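Structure first, then comments.
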Amino acid sequence: MQPYTEAALDGRMQKAAFFPQVGIPGTGKSLVSWCRVALRKQKEGEKAMNLIVAVDKNWAIGKENELLVRIPADQKFFRETTTGKVVVMGRKTLESFPGGLPLKKRTNIVLTHDENYKVPDAIIVHTMEELHEELKKYNSEDIYVIGGETIYRQLLDECDVAHVTKIDYAFDADTYFPNLDEKPEWEITADSEEQTYFDLEYYFYKYEKKKAVQ
């Protein structure tokens, strides 16, 4: 399938402005929102990014800036998947790492509103505009969004692949990831057999965003 031309997308955007409530079937998005993201990606030559996350059965991801549980096989998968890549995170996620230091053997990009925030061996950006300018320097397929909740929600629409470790247990939590099973634009394209860690059962899933239909 060929991508939309800029003229076609601009035309759709103009029409969408008159019908902001109109949605794109099978995506759960308004026509305006869908056109805006699609047009920006094509103008900037972008391909969509990846994200990686571990969630419980309620799509919870953490409490008090800590992971709900640390599963060695999940941590190994995260390490092997993101090593040599670009990881995008918020300040609180960075500060949850050992010593509050960036991940080794990865390009760490941190989004924070704190203009005075500095950390060795990390690229600090302060706005979404700055983040997008920085991300233009890298192949989008090498970019992984790794949290926390706010960053996931801000960049979810710009991701095409989600690596989700689902833990079959409901933890006490205060931060959550959007439930991809409730979003018709996402579908499971790969999954693992049941995994266990002590009395916890979990699975590795790969979600991919359905291709837009002309």
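Any read-out appearing in this document is the output of simple, stated calculations on the displayed coordinates, not a laboratory observation. From a predicted model like this one, the values you see are computed outputs, not experimental measurements. With ideal geometry, Cβ positions are generated from the backbone for all residues, glycine too; neighbour counts draw on all protein chains shown.
For the reader, a short list of remarks on this structure follows.
- In this structure, the pairs whose alpha-carbon distance is over 27 Å, taken from Lys105/Lys210; Lys63/Lys118; Lys118/Lys183; Lys118/Lys210; Lys104/Lys210; Lys92/Lys211, are Lys105/Lys210; Lys118/Lys183; Lys118/Lys210; Lys104/Lys210; Lys92/Lys211.
- Inter-label distance, Val119 to Lys63: 2.4 nm, where each label sits 7 Å from its Cα along the C-beta direction.
- Full extension of the chain between Thr150 and Glu133 gives 4.2 nm of extra length, using 0.36 nm per residue less the Cα-Cα distance.
- Debye, to nearest 20: dipole size of the stretch 46-209, +1 on Lys, Arg Cβ, -1 on Asp, Glu Cβ: 660
- With a simple spin-label model that places each label point 7 Å from the Cα along the Cα-to-Cβ direction, the separation between Thr83 and Glu141 comes to 2.1 nm.
- For His163, His113, His132, order by how many other beta-carbon atoms lie within 10 Å, fewest first: His113, His132, His163
- Hydrodynamic radius of the stretch 85-124 by the Kirkwood approach over all distinct alpha-carbon pairs: 10.1 Å.
- Computed Rg/Rh of the stretch 46-209, alpha carbon atoms with Kirkwood Rh: 0.94
- Residues whose placed amide H lies under 5 Å from that of Ser192, excluding near-sequence neighbours: Phe204
- Radius 12 Å from Cβ of Thr83, net charge of other residues (Lys, Arg +1; Asp, Glu -1): +4
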